[in-house]
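Undergrad: Have a look at this one.
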Amino acid sequence: MTTPSRFAKRLVLRRIVRGSGIAIVLLLMSGGYWLYTPPSPFVPLRGLDPSSVSMIALGDQGSGNMQQWRVGQAMERVAAREGRLDMVVLLGDNFYGKPLTSTHDLSWQTRFERVYWGHWLSHVPFYAVLGNNDYPVSQKIEIEYGQQHTGSGRWQMPTNFYSKDFGNVDGRPLVRMVFLDTSAPRESLQQQIDFIDQAFQASGPAPVWRIVASHHPVRNQGQQGNESDLVVRLLPVLQRNNVDLLLSGHEHNQQLLLRAGEPAWVISGAGGQKLDTLDTSTPQSVFAVSRAGFAKLDLNANQLRLAYYDDQGDLEIGYRWVRSCQWMAKGCLLPELTQHNVVQSDR
């Protein structure tokens, strides 16, 4: 059997993204062999300016259904249009349904490797955290997949919680990120709290921006509500370490919540699974939609841009945070002044 042509692969994915009823037939006829073929090792993009970092964040993506494929193609579309992407952050629930059986399970192809492809997505690392649907079996295989650099090698999960610096500005890390495992047994939470302190209080130059990623949100306007244990135990360590944002999923929608003296609560859990409805908004909920899509962050030493996109790659709303702003997220992370806003304000 010969490997299907690039045209055949694109035809298969185009049919999937459009939701055609013959997608499965085309997949078996034209792309089945492609799915069983191990992906080539990824080659990181070169020549990117280290004084800025661009990342996409989404969670609850691992359904393997057409919505996940549509969001994946929208991510590639946005990266190509904006001309920059350094990494993707996966916020947990990476594999729904039957647990993974091994690092060679076909689900790695249908829910990760072949879903996220293109000039940009094929050449950037994916830093993943674990969700409750990754337990009690798949999480071990996901960690093994990362440790062994299996598949394309894009999957980054050295252990169930970890930290890493990204970018560099005059010898300072531009971004320091801590990746948590809020789906682990709660007795491990104190160890992760200590780990956050160690990461942000380490000797050496302080990072310009501080971000934490977890599956479960601390603040949440959706059906599942706040995680009371995380409010009591995780919020204080985020505050004392001046964490700017917490990226999370779990709730299958998109939200931004801002409260005085707290990090920005960025929920991006609409990556592929069936969407959750939203409760009545509160003053702290500045953006909330039950629509498939993802969040994108672009950071440099002077400012952070947070933008939400839908599953077509269309911008829903954008915010900017000037680093010199003296407050925390509430008061500093402000809506972008768009042409639409200018027209409305002139009326």
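Undergrad: Taking 0.36 nm per residue of separation and subtracting the Cα-Cα distance, what length does fully extending TYR135 through ARG81 add?
TA: Full-extension gain reported as 15.8 nm.
Undergrad: Oh, and also: So what is the 222 nm mean residue ellipticity for the chain from helices alone, if each DSSP H run of at least 4 adds -39500 (n - 2.57) and you divide by all residues, rounding to the nearest 500 deg cm²/dmol?
TA: -7000 deg cm²/dmol
Undergrad: For the chain, give me the percentage of DSSP beta bridges that are antiparallel, rounded to the nearest 5 percent.
TA: The antiparallel proportion sits near 65 percent.
Undergrad: Here's another thing I want to ask about it. Scan around LEU100 for amide H atoms under 5 Å from its own, H built in the peptide plane at 1.01 Å from N, and keep only partners 5 or more places away or cross-chain.
TA: Answer set, sorted by chain and number: SER138.
Undergrad: Also, I was wondering about something else. If R0 is 35 Å, what FRET efficiency do you get for GLN190 and THR103 from their C-beta distance, rounded to 0.05?
TA: Using R0 = 35 Å, I get an efficiency of 0.70.
Undergrad: List every residue whose amide H lies under 5 Å from the amide H of GLY92, counting only residues 5 or more places away in sequence or on a different chain, with H placed 1.01 Å from N in the peptide plane.
TA: Counting only residues 5 or more places away or on other chains, the set is ASP60, VAL129.
Undergrad: So how many Lys-Lys pairs in region 47-345 land under 23 Å Cα to Cα, not counting same-chain pairs under 8 apart?
TA: Value for region 47-345: 6.
Undergrad: Okay, next question. For region 43-59 and region 132-204, compute the distance between their C-alpha centroids and round to whole Å.
TA: About 18 Å separates the Cα centre of region 43-59 from the one of region 132-204.
Undergrad: Among SER54, SER138, SER268, rank each residue by its count of other Cβ atoms within 10 Å, from fewest to most, as a rough exposure measure.
TA: So the ranking, lowest neighbour count to highest, is SER54, SER138, SER268.
Undergrad: What are the ³J(HN,Hα) couplings of region 194-200, residue after residue, when phi is run through the Karplus curve with 6.51, -1.76, 1.60 and θ = phi - 60°? Round to Hz, x for glycine and proline.
TA: 4, 5, 4, 4, 5, 5, 8
Undergrad: Which ³J(HN,Hα) values, rounded to whole Hz and listed in residue order, are derived for region 121-138 from phi using the Karplus coefficients 6.51, -1.76 and 1.60 in 6.51 cos²θ - 1.76 cosθ + 1.60 with θ = phi - 60°, glycine and proline given as x?
TA: 5, 6, 10, 10, x, 10, 8, 10, 10, 8, x, 4, 7, 8, 9, x, 10, 4
Undergrad: Here's something else I'd like to know. What ranking do SER281, SER152, SER163 get, fewest neighbouring Cβ atoms within 10 angstrom at the top?
TA: Least to most surrounded, the residues fall as SER281, SER163, SER152.
Undergrad: Continuing with this model, one more query. Calculate one ³J(HN,Hα) per residue across region 90-97 by plugging θ = phi - 60° into the Karplus curve 6.51 cos²θ - 1.76 cosθ + 1.60, and present them in order as whole Hz with x for glycine and proline.
TA: 9, 9, x, 6, 7, 9, 8, x
Coordinate-derived values only; no laboratory data. Worth saying up front: this structure is predicted, and the values here are computed from it rather than measured. FYI the Cβ positions are ideal-geometry reconstructions off the backbone, even for glycines, and counts take in every protein chain you see.
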